Amino acid sequence: MSKTSECDKYWQKLLGRANVTLTGVSDAELKVQLFDTLQQFFDESNSWLETINFTAIPDSLDYPLMPLTGRVHRLYGVVDQNNVPQQAVMPVIGTVHFLYPYSNPQPMWATVVKNVTDPFSCFPPGIPEWVLPVYGLGILSGVLGNMMLQPGQSYSNQTLASFHLSKFRDAIAHARVATMRANTVGAQAWAYPQQFAVRGQRGGVSTYNVHPSTLR
Amino acid sequence: MATSPSYHGNYSDSELPTLNTVADYIADARTQLQDIVPGYRYDDRSMLTAMNIALLEARWLRADLFVYNLATKGQVQSFTAVDDTKVAIEASFRPAILNGIIGHALKRDQEDYQDARASSYLSMFTAGLTGRSLVGVAGGSPPSGRQQ
């Protein structure tokens with residue numbers, strides 16, 4: 001069974017569940033709401049990442065990034081070829097800006113947070129294959145909650161909307177934390193960058209192998 | 001074992017043959033209006049007007065059926081001929097549009113019992129679009145106390 005057909009089944013299941021629950025809903029409205037829900041999910045969870053390679057050159061601080069799919073929303077981090085984090089920001093969305101220029105050309109890897117794009121021309125939206133199998137229930141809750149929140153519809157239901165939206169917010173928080181922990185259990189994905197490493201210790205701690213001793 | 005082909009599409013239901021074209025709608029509306037013999041009581045022009053008005057009212061009730069349709073730039077279609085032009089309405093809502101056409105066609109009649117039928121068809125039109133419970137067809141016999 002190919003992954004494409006597997007992904008299609010998850011789409012069909014999600015839209016089918018929404019159709020069954022929301023009597024009188026149109027497919028068009030459902031697709032638009034699904035797009036909005038995915039947009040909120042990825043925006044608030046930072047769970048859709050892509051690492052983009054580029055080459056930093058002397059006297060240039062800005063580097064536009066082109067993701068394979070989706071749209072760049074913010075910068076997660078930049079590392080050099082030694083996997084050392086670099087000082088970079090993204091004041092203009094989609095363009096990495098280094099705080100200091102480099103004197104030699106060198107490869108860099110920017111990890112960016114992405115989001116869905118092309119709400120009408122692309123359905124299903126080109127999201128990663130793991131999204132629906134892992135977070136499909138939470139996204140379904142987001143669709144149902146937002147649809148039920150609409151007033152004056154046959155499927156309006158304020159009480160159930162609150163219930164579903166709370167489940168959706170839980171899913172977002174779950175995804176955000178899982179991304180921060182690099183989808184591990186009981187581990188911490190983040191590690192001290194090497195420039196934080198302390199080799200010469202001061203402040204009354206051991207001064208092993210330091211000559212002359214700083215402790216006087 | 002069934003041998004005749006049946007349609008089953010994906011989420012893009014533009015090819016679903018049931019009530020797909022202008023001619024489909026007008027033909028079924030005439031069937032329900034018992035006006036299927038040429039030399040029609042409801043001529044093409046009046047049926048097309050009824051259809052265009054029904055679509056405009058549908059746009060008012062359910063904007064989502066129209067505004068996201070990029071093929072029509074989010075606008076309401078308007079028809080000038082009974083032909084095979086496709087009517088871009090999601091399959092689930094096509095019967096409601098049909099009821100709207102019939103309701104508007106019946107509205108122009110001067111018969112008292114047709115007023116009741118027009119009202120019931122327009123109620124079914126509204127109910128079908130808004131997802132509320134459907135009402136039954138009424139007005140099939142003349143009002144009591146009147147003679148035909």
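Of the numbered criteria (1) buried (at least 19 other Cβ atoms within 10 Å of the Cβ); (2) over 30 Å from residue B:88 (Cβ atoms); (3) touching an Asp or Glu at 6+ places or on another chain (Cβ under 7 Å), the one residue A:29 fails is (2).
Scanning region A:121-142 for residues that are within 14 Å of chain B (Cβ to nearest Cβ) and surrounded by 19 or more Cβ atoms within 10 Å (Cβ to Cβ) yields a total of 2.
Taking the residues in region B:81-95 that are assigned to a loop (DSSP other than H, G, I, E, B) and either farther than 23 Å from residue B:17 by Cβ or of a type in the set (D, E, K, R) (or both) as candidates, determine which candidate is nearest to the other protein chains (Cβ to nearest Cβ). Filtering first and then ranking leaves B:90. When region B:119-144 is filtered for residues that are more than 14 Å from every other protein chain (Cβ to nearest Cβ) and modelled with pLDDT under 70, the ones remaining, listed by number, are B:135, B:139, B:140, B:141, B:142, B:143, B:144. Of everything in region A:147-172 that is in contact (Cβ under 8 Å) with a residue 40 or more places away in the chain and of a type outside the set (Val, Ile, Thr), the residue that is farthest from the other protein chains (Cβ to nearest Cβ) is A:171. Total residues in region A:21-67 satisfying the condition of being assigned to a strand (DSSP E or B) and not acidic (Asp, Glu): the figure is 9. Screening residue A:70 on (1) surrounded by 15 or more Cβ atoms within 10 Å (Cβ to Cβ); (2) at negative phi shows it passes everything except condition (2).
Considering A:44, A:50, the condition of being crowded, with 17+ Cβ neighbours inside 10 Å, under 20 Å from the mean Cα position of the chain (by Cα) and among the charged types (D, E, K, R) is satisfied by A:50 alone.
Matching residues to (1) touching a Phe, Trp or Tyr at 6+ places or on another chain (Cβ under 8 Å); (2) of a type in the set (A, V, I, L, M); (3) modelled with pLDDT of 95 or more:
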residue: A:75; (1), (2), (3): no, yes, yes
residue: A:107; (1), (2), (3): yes, no, yes
residue: A:117; (1), (2), (3): no, no, no
residue: A:126; (1), (2), (3): no, no, no
residue: A:151; (1), (2), (3): no, no, no
residue: A:155; (1), (2), (3): no, no, no
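The numbered conditions (1) under 13 Å from residue A:52 (Cα atoms); (2) surrounded by fewer than 16 Cβ atoms within 10 Å (Cβ to Cβ); (3) among the aliphatic types (A, V, I, L, M) are all true for residue A:75 except (2). Quick check: is even one residue across region A:111-120 surrounded by fewer than 16 Cβ atoms within 10 Å (Cβ to Cβ) and either within 13 Å of the chain's Cα centre (by Cα) or not in a loop (DSSP other than H, G, I, E, B) (or both)? Scanning region A:111-120 turns up at least one residue that is surrounded by fewer than 16 Cβ atoms within 10 Å (Cβ to Cβ) and either within 13 Å of the chain's Cα centre (by Cα) or not in a loop (DSSP other than H, G, I, E, B) (or both).
The values are calculated or read from the model by the stated rules, or taken from the named source; none is laboratory data. Since the model is a prediction, treat every value here as computed from it, not as a measurement. When we count neighbours, we look across all protein chains shown, and the Cβ atoms used for this are built from the backbone with ideal geometry, even at glycine.
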